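The values are calculated or read from the model by the stated rules, or taken from the named source; none is laboratory data. Not measured: the values here are computed from a predicted model. All Cβ positions, even for glycine, are placed from backbone atoms using ideal geometry, and neighbour counts span all protein chains on display. All accessible areas refer to the heavy atoms of the entire protein, side chains included, with ligands and DNA or RNA removed. Shrake-Rupley method; radii C 1.70, N 1.55, O 1.52, S 1.80 Å.
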Amino acid sequence: MRKKGFSKMIPNGSKWVQNCGEVLTVIEFLGGVNFKVKFEDTEVFMAQHKEIRNGGVLNKNCKNVLGVGYTGYGKYKAKVGRNNTPAYEVWRGMIRRCYDKKYIDYSRYGGSGVYVHQDWHNFQNFAEWYYTALAGLPEVNTKFDVDKDLKGLGFYSETSCILLPYKLNNFIQNKKFSSGVGYVKNTNNPHGKITVTVSLLGKQVYVGLCETQAEADREYNIAKNYVNTKMASAFFSEKLITKETSLMISHRNNNFSEVEEVELFKDRTTLKRRIDGLFEDKNNLLERCKGKISCEIYLDNIEKV
């Protein structure tokens, strides 16, 4: 009686307006409480009689995430129980940065013209890229960020983004060179000179004292080139980034040459040894160090994504 009753209440071919405002068509009664159904722009999927009658069937192609993003139909879930899946949490954060004007960093993203490519408006497409990229990485106790800046394109898409350990991504975001800024600062040292330091693995590495800002910028930038190269090499050796990514990170972004680097290390006799020493223990890449958060690399106690 129950099967017959449901099939009569919700006959094949009947149409039901759902709370999302779209019309659901019943394709076939499957028995019990289950029906094959579809919206105009979807494939056939299964729904239950109570959802259909109460208007609770959601069109997953409906752009219900800030009017831009949608879950889509496919194998990747947005939630497991009450919790968002790792891919969905990353995807939702990306959408928010670009399209939520109330988001704290919106001015740096959507407010500055950063956008998400329309293919990634569909969570299924993003999740396919995300989990494929993640599968190629070793199992380490960290989470990974979607970096849009290293390739220089400045928007989110499959072709413009790279998956990076999140603290390496922080380092890259602070991979700037100095022109009167950065970690070059005037201090109250007895000689009234400018103190130059570079930040690496949570440590402030002392470079030296300089007479002028131009001299300080020069030494900072030469040292920063070397730091970038060492950082890229270290993460590549741990197979956390590709060779291509390593080369992009270590690319010299100023006019100072390796010869000038050698000269700096000759003048600052312990500088190279102090920088290299931070890499002698590979755990320094994965353990927290004290230092300035804006440029430090630490990966401890982070839930694996």
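Remarks
- For the stretch 141-163, the candidate set comprises residues that are over 14 Å from residue 90 (Cβ atoms) and in contact with a strand residue (DSSP E or B) (Cβ under 8 Å, 6 or more places away or on another chain); within that set, the residue that is least open to solvent (accessible area, probe 1.4 Å) is 157.
- Qualifying residue in the stretch 30-42 (condition: more than 38 Å from the chain's Cα centre (by Cα) and loosely packed, with under 12 Cβ neighbours inside 10 Å): yes
- Residues of the stretch 62-95 that turn out to be touching a residue at least 40 places away in the same chain (Cβ under 8 Å), among the β-branched types (Val, Ile, Thr) and open to solvent by 80 Å² or more (accessible area, probe 1.4 Å), as a count: 0
- Residues that are more than 21 Å from residue 145 (Cβ to Cβ) and either touching a residue at least 12 places away in the same chain (Cβ under 8 Å) or open to solvent by less than 60 Å² (accessible area, probe 1.4 Å) (or both), drawn from the stretch 232-266: 252, 254, 256, 257, 260, 261, 264, 265
- Test set (1) over 24 Å from residue 165 (Cα atoms); (2) in contact with a strand residue (DSSP E or B) (Cβ under 9 Å, 6 or more places away or on another chain) - residue 259 fails condition number: (2)
- Exactly one residue among 217, 276 is at pLDDT below 90 and assigned to a helix (DSSP H, G or I), and that residue is 217.
- In summary, residue 282 fulfils each of the numbered conditions (1) at pLDDT 85 or above; (2) of a type in the set (D, E, K, R); (3) open to solvent by 40 Å² or more (accessible area, probe 1.4 Å) with the single exception of condition (1).
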